[in-house]
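Some notes on the structure that comes next.
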Amino acid sequence: MKRPYIERLRSGVKGFDRLIAGGVPRGFFVAVVGEPGTGKTVFSIHFAWQGVLEGDKVVYVTTEESRESIIRQAAMFQMDFAGAVDRGKMIIIDALMRGRGDEWSLQELDIDELVQKVLEAKKRLGYGRARLIIDSMSAFWLDKPAMARKYSYMVKRILYKWDFTVYMVSQYAITTTQAFGWGVEHVADGIVRFRRYIRRGELKRYVLVEKMRQTPHSLVMHEIDIRDGEGMVVVRPAKARKEDTVLPREVTRRIIRGRIEEELASPEGELESGDIGDDF
Ligand SMILES: Nc1ncnc2c1ncn2[C@@H]1O[C@H](COP(=O)(O)OP(=O)(O)OP(=O)(O)O)[C@@H](O)[C@H]1O
Ligand SMILES: [Mg+2]
């Protein structure tokens, strides 16, 4: 049987599209998830700009940063968001600086108002293929996490008819690496997961495509770089190394020796089994 043709939207991130067979299928809802500072916003900015370059209508909803902050961040990577807005190619809906009363600011962090504004923006930009970024969805259910899935579903159901391909950014807490409320991931057609690790005193960032329906995608975590003047680049596949997760042997030995000496020095000292853990 002939393989069905799937139109795919390019991400604008060098090296990323080959991980997902050329791009995100048109009309998909992709959850972009990860801890703070891992690159979700930068990744979203690239998607928006690629849309401008290809003549798509672009709507960017920002809840974590002001419109000006997003414009400045994009400018660091040579992307002229202000110009695109002026030329009617892009609308940035600001949900952070509420109450400013400008046409493209949200008054409340309310999902109905969000959907209405997005549809208004789409009408203004005109007919045709569109990209929507909601950075982030988490903001809409901060005080009611149980609603996350319902909200995500609602947004998907309504916006689906409007020819949007969507990035829904969702934040993961550092401590638990759990999303603030479960929702986006199950409803989404794709999940792009960003991570970070400190390796030898240096922050390293990675991306993993955890899900992409109708796509033979890479299952390998890749290291990414965010470069001044250039933005995000997929650098190389991450090699899982033992030393990333396990302490060096000599360090382990010293810890155990230290613990035993400590216990022996205390009068009622007895080392409980399980104290040291399986890693050793
Ligand atoms: N001009 C630049 N040059 C190099 N690195 C940059 C530049 N601008 C931003 N970065 C890097 O990108 C990081 C921010 O990434 P980003 O805003 O995409 O994170 P995020 O995942 O959206 O985080 P949050 O959940 O807090 O919104 C910065 O911490 C910095 O390391
Ligand atoms: Mg962000």
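Would you give the gap between the C-alpha center of the stretch 85-118 and the C-alpha center of the stretch 49-73, rounded to a whole Å?
12 Å
Using each residue's phi in the stretch 41-52, evaluate 6.51 cos²θ - 1.76 cosθ + 1.60 at θ = phi - 60° and report the 3J(HN,Hα) Karplus result to the nearest Hz, with x for Gly and Pro.
Values per residue, Gly and Pro as x: 5, 4, 4, 5, 4, 4, 4, 5, 5, 4, x, 4 Hz.
Using helices alone, I'd like the mean residue ellipticity at 222 nm for the chain: each DSSP H run of four-plus residues gives -39500 (n - 2.57), total over residue count, nearest 500.
Mean residue ellipticity at 222 nm (helix-derived): -8500 deg cm²/dmol.
Please say if the chain is rounded, prolate or oblate, where rounded means a/c under 1.5 for a ≥ b ≥ c the square roots of the C-alpha gyration tensor eigenvalues, and otherwise the choice is prolate for a/b larger than b/c and oblate otherwise?
Note, shape of the chain comes out prolate.
Each residue of the stretch 229-237 in turn: what ³J(HN,Hα) in whole Hz from Karplus with 6.51, -1.76, 1.60 and θ = phi - 60°, glycine and Pro shown as x?
x, 10, x, 7, 9, 7, 8, 6, x
If the reach is capped at under 26 angstrom between alpha carbons, list the lysines near K122, excluding any in the same chain fewer than eight residues apart.
Once the sequence-local lysines are set aside, what remains near K122 is K40, K57, K89, K150, K156, K161.
Let's test the formula: R0 of 30 Å, r as the Cβ-Cβ distance of R249 and V220. What FRET efficiency results, to the nearest 0.05?
0.60
What residue among I256, I111, I158 shows peak mean-square fluctuation when the chain is described by a Gaussian network model with Cα springs under 10 Å?
Residue with maximal mean-square fluctuation among I256, I111, I158: I256.
Fewest first, what order do Y197, Y127, Y151, Y60 take by the number of other Cβ atoms within 10 Å? Don't jump to the answer; show the numbers that get you there.
Values: Y197 13, Y127 9, Y151 21, Y60 30.
By the 10 Å Cβ count, ascending, the order reads Y127, Y197, Y151, Y60.
Given H placed on each backbone N at 1.01 Å, which residues far from A21 in sequence or on other chains put an amide H within less than 5 Å of it?
HN-HN under 5 Å from A21: S218.
Using amide H atoms built in the peptide plane, which far-off residues or other-chain residues are under 5 Å from G34 H to H?
S170, Y172, F194
Kindly rank 87-97, 213-223, 37-47, 71-81 from highest to lowest mean number of other beta carbons found within 10 Å of each residue. Kindly include the intermediate steps, with their values, before the conclusion.
Working: 87-97: 19.3, 213-223: 14.8, 37-47: 23.0, 71-81: 17.0.
Order by mean packing, descending: 37-47, 87-97, 71-81, 213-223.
Taking 0.36 nm per residue of sequence separation and subtracting the Cα-Cα distance, how much length would be gained by fully extending the chain between H186 and K123, in nm to one decimal? Before the final figure, lay out each step's value.
Working: separation 63, 0.36 × 63 = 22.68 nm, distance 2.88 nm.
Length gained between H186 and K123: 19.8 nm.
What number in nm² do you get for the stretch 70-141 if you take the convex hull of its Cα atoms and divide its surface by four?
Here the figure is 5.3 nm², rounded to one decimal.
What FRET efficiency do you get for W162 and D110 if R0 is 25 Å and r is their Cβ-Cβ distance, rounded to the nearest 0.05?
0.85
Values quoted throughout were computed directly from the atomic coordinates according to the rules given, and no laboratory measurement underlies them. These numbers come from a predicted model, not from an experiment. As a convention, Cβ positions derive from the backbone with ideal geometry for all residues, glycine included, and neighbour counts pool all protein chains shown.
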